[in-house]
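Before any comments, here is the structure.
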Amino acid sequence: MGAIKVCTIINDFVAQGYGCLTLQPDEVKELTPGSLKMIDPTGPKACVGAGTGLGECFLTPDPSDGSYSCFPSEGGHVEWAP
């Protein structure tokens, strides 16, 4: 067994954001009827979720290869109105 040469520690919402990229259509809940058909599948993405505050992240695609980079953010204690 080889040694681990590189290890990256990531924020919980970075993990959540990258995990969202693996969701299948039957695993997604539409909050606004008809909104799924308006999504650009290759566009930027956002992820929000409850924790001790409002966790947030956004993902942006790299135009050269389509891979995504995830950026964490803290929404703090804010209200959410979809």
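No value in this document is a laboratory result; all are computed from the given coordinates. Remember, predicted model here, so these are calculated numbers, not experimental data. Because the Cβ atoms are built from the backbone with ideal geometry, glycine has one as well, and the counts that use them run over all protein chains shown.
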Query - Residue with peak Gaussian network fluctuation, the chain [Cα springs, cutoff 10 Å], from D12, D62, D26 - result: D26
Query raised in the report: Given the Cα-Cα distance of D40 and Y68 and 0.36 nm per residue of separation, how much length would full extension add, in nm?
Result: 8.7 nm
Report summary line: GNM on the chain, Cα springs under 10 Å; top mean-square fluctuation among V14, V28, V48 goes to V28
Query - For the chain, alpha-carbon Rg and Dmax in angstrom - result: 15.2, 50
Report task. Compute the FRET efficiency between A50 and K5 as 1/(1 + (r/R0)^6), taking r as their Cβ-Cβ distance and R0 = 25 Å, and round to the nearest 0.05. Result -> 0.10
Query raised in the report: Which lysines does K29 reach when only Cα atoms under 19 Å apart count, and residues fewer than 8 places away in its own chain are ignored?
Result: K37, K45
